[in-house]
Each structure stands twice: as structure tokens, then as C-alpha cells.
Amino acid sequence: MDHAYEHVDYLSLHTYLDNLEDDLSNYLAKSLMMERFIESAIATCDYVQAKKRSKKKIMLSFDEWNVWYHSFEANSKTAPWQVAPPFCEDIYTFEDALAFGCMLITLLKHADRIKIACLAQLVNVIAPIMTEKNGGIWHQTIFYPFMHASLYGRGTVLRPIITSPMYDSKDFTDVPQLEAVVTCDEDKKEVVLFAVNRGQELVADCELRQFNGCSLLEHVTMTSDVMKATNSMEFPEKIRPYRIDGAVMQGGTLTVRLPQLSWNMIRLAFSDV
């Protein structure tokens, strides 16, 4: 970085999460490791900028990110020199969707410096979309948070000030039960809250007084009693989001019920800021 600073526009980062220990509370906290990675990369870039007294600010490109671990054993048994064999075809669980959602929120929270962020693959290979030989397509559990952020995570990112219950896990301390970020699309007059509840049911109060005429459009959640539940060609919608009546807007305050262990997307309309 010291040698190449004036010739570099982006610093490339890669991160994959796994739950090889089968420890849910620790798994869902691993996005904090991703957040520290991002913040240390930003600090390094800014240190070199200050050292060189440069006007240039290097941005980040998160070139690879996802959950990846289910296919490790199968990959080791794949015979060499095949034509297009099934490889790295992770079948994602509901708990993977929660971890994926936490990663997605982490990326959005740092959108001021992360200007590019890519899932390495989109179809079949550690991917949100699966196809079958001779036809057929279905959505993995991780598809839905990605879809919500792609459709509705537009405009300006607002990082909320959050007061949340905390927990400790095997590798992390002070893990917030609530992981959340907000986006504001002034062209569409919409504000969207993306949230992962890492624990028991939460009732959250969100102050939105700066948005005049704010009204609830929809609250979509994705939750399950079975953490290892997956989708498949036979059962393509076993895990999918659905609308709930868990939010009330009153006097500039949104009160929303977040089901235990859930991904949530809450959309609101406003008339003016």
C-alpha cells in the first residue's frame, strides 16, 4: 500500500463464513469478524493516506463474500478431469440465511467505503440460485435477503443508533441481538429497515420523526423452527419470506415485533424529510 497508493483505486477483500462447529450463537456473531476486517482495512488505507498527505481516498471492493462450508467433503471426493461436475454446490440452511443477512447488513453499513461487493457465483456454485440437469430451477434460503436488498436497498444508507440486548458466544463478547441498517430512497419516498434478530423475539421501537407522513407499506419476515431446514427442487419454498402484521406506526415511532431468529425487511413510505 505504501508503494502503490497513488496507483490503486480499490483494495480487494474476501470473506466466507462457516458453521463447522455447529454453534448457532457463535455462527451468527461471525459477521462481527467481517465488520472488524472492513474497519481495519479502512484504517490501513487512511493511515497511508495521512502518511503521504494524499488527497486521494482508496475505496474497498468486497470481491468475494458468502457462506461456504457444506460442500467441503463432497468436493474432496470429486473425481478429476470431469466435464462440468457438480462442485461447491452448498445447499444452504435457514441458519445460513441469517448469517448471510448479517453479512449483507454489514456491507450496507459500510457503503460509504465499500463501492463494489460481489457474490463470487450466482448459480449452482455456492450460489443463491440452483439448477438441475435436464431442467428445473429453485431458490436457496440465502436468495431472499439478497433479493430484498437488491430490490429495496436503494438510495442513501442510514446507520441507526441501536440499543440492543447483548450475548456472549464462544469467540465473541457483547454480540448485539439486533443487527440492522436503514436505507432511504428519496426518489421513491421510501425508507427500508433490514434487520436480523439473532435471538428470542424482540419488540423494537424505531424513531422516524425526521420522515414526515411516514406510513407502513409492509413487514416481511423469514423465520423457521428448524435451523437446518433447506429448500430443494421437490420443496422449493420450504423456507421463504412472508408478510406479517408485526409493525405499527404511530406519532413518528415505528414499533415492530421481530420474530425469534429471523430476517426482516420493513418498508415505509414518507411524504417529506
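A few comments on the model shown:
- For segment 5-269, DSSP calls about 80 percent of its internal beta bridges antiparallel.
- If only the Cβ of Lys and Arg carry +1 and only the Cβ of Asp and Glu carry -1, the dipole of the chain around its Cα centre is close to 800 debye.
- Dipole orientation for the chain: of the candidates ILE239, PRO165, ILE58, ILE58 has the Cα lying most toward the positive pole (charges on Cβ; Lys, Arg +1; Asp, Glu -1).
- LEU178, LEU216 arranged by Cβ crowding within 10 Å, fewest neighbours leading: LEU216, LEU178
- Neighbourhood charge, 12 Å Cβ-Cβ cut-off, centred on ALA180 and excluding it, Lys, Arg +1 and Asp, Glu -1: +2
- Estimated [θ] at 222 nm from DSSP helical runs (n ≥ 4, -39500 (n - 2.57)) normalised by residues in the chain, nearest 500: -6500 deg cm²/dmol
- Neighbourhood charge, 15 Å Cβ-Cβ cut-off, centred on GLY136 and excluding it, Lys, Arg +1 and Asp, Glu -1: -3
- In terms of surrounding Cβ atoms within a 10 Å radius of their Cβ, ARG53, ARG154 rank from fewest to most as ARG53, ARG154.
- Total formal charge among the other residues, if their Cβ is under 14 angstrom from that of LEU193, Lys/Arg +1 and Asp/Glu -1: -1
- Counted over the chain with a bin width of 10 Å, the fraction of Cα pairs per bin, in whole percents, is 6, 26, 32, 24, 10, 2, 0.
- Amide H contacts of TYR167: ASP174, VAL175, GLN177, each under 5 Å away and 5 or more positions distant or on a separate chain (H built 1.01 Å from N in the peptide plane; Pro and chain starts excluded).
- Under a model in which nothing but the beta-carbon of Lys, Arg (+1) and Asp, Glu (-1) is charged, segment 27-119 shows a dipole of about 940 debye around its Cα centre.
- FRET efficiency, 1/(1 + (r/R0)^6) with R0 35 Å, evaluated for GLU186 and GLU6 via beta carbons: 0.50
- Filter on LYS51/LYS115; LYS30/LYS228; LYS109/LYS170; LYS57/LYS115; LYS115/LYS188 - keep pairs with C-alpha separation over 20 Å: LYS51/LYS115; LYS109/LYS170; LYS115/LYS188
- Phi to ³J(HN,Hα) by Karplus 6.51 cos²θ - 1.76 cosθ + 1.60 over segment 235-243, Hz, x for Gly, Pro: 10, x, 10, 4, 10, 7, x, 8, 7
- Burial ordering of LEU122, LEU254, LEU28, fewest other beta-carbon atoms within 10 Å first: LEU122, LEU254, LEU28
- Each residue of segment 91-107 was assigned a 3J(HN,Hα) from its phi angle through the Karplus curve 6.51 cos²θ - 1.76 cosθ + 1.60 (θ = phi - 60°); the sequence is 9, 7, 8, 5, 5, 5, 5, 5, 4, 4, x, 5, 5, 4, 5, 4, 5 Hz, with glycine and proline shown as x.
- Between the amide H of LEU217 and those of ARG267, LEU268, ALA269, distances stay under 5 Å, these residues lying 5 or more places away or on another chain, with hydrogens modeled in the peptide plane.
Read-outs: derived from the displayed coordinates by stated rules, not from any lab. Bear in mind that the values here come from a model prediction, so they are computed numbers and not experimental data. Glycine gets a Cβ as well: all are built from the backbone with ideal geometry, and neighbour counts include every protein chain shown.
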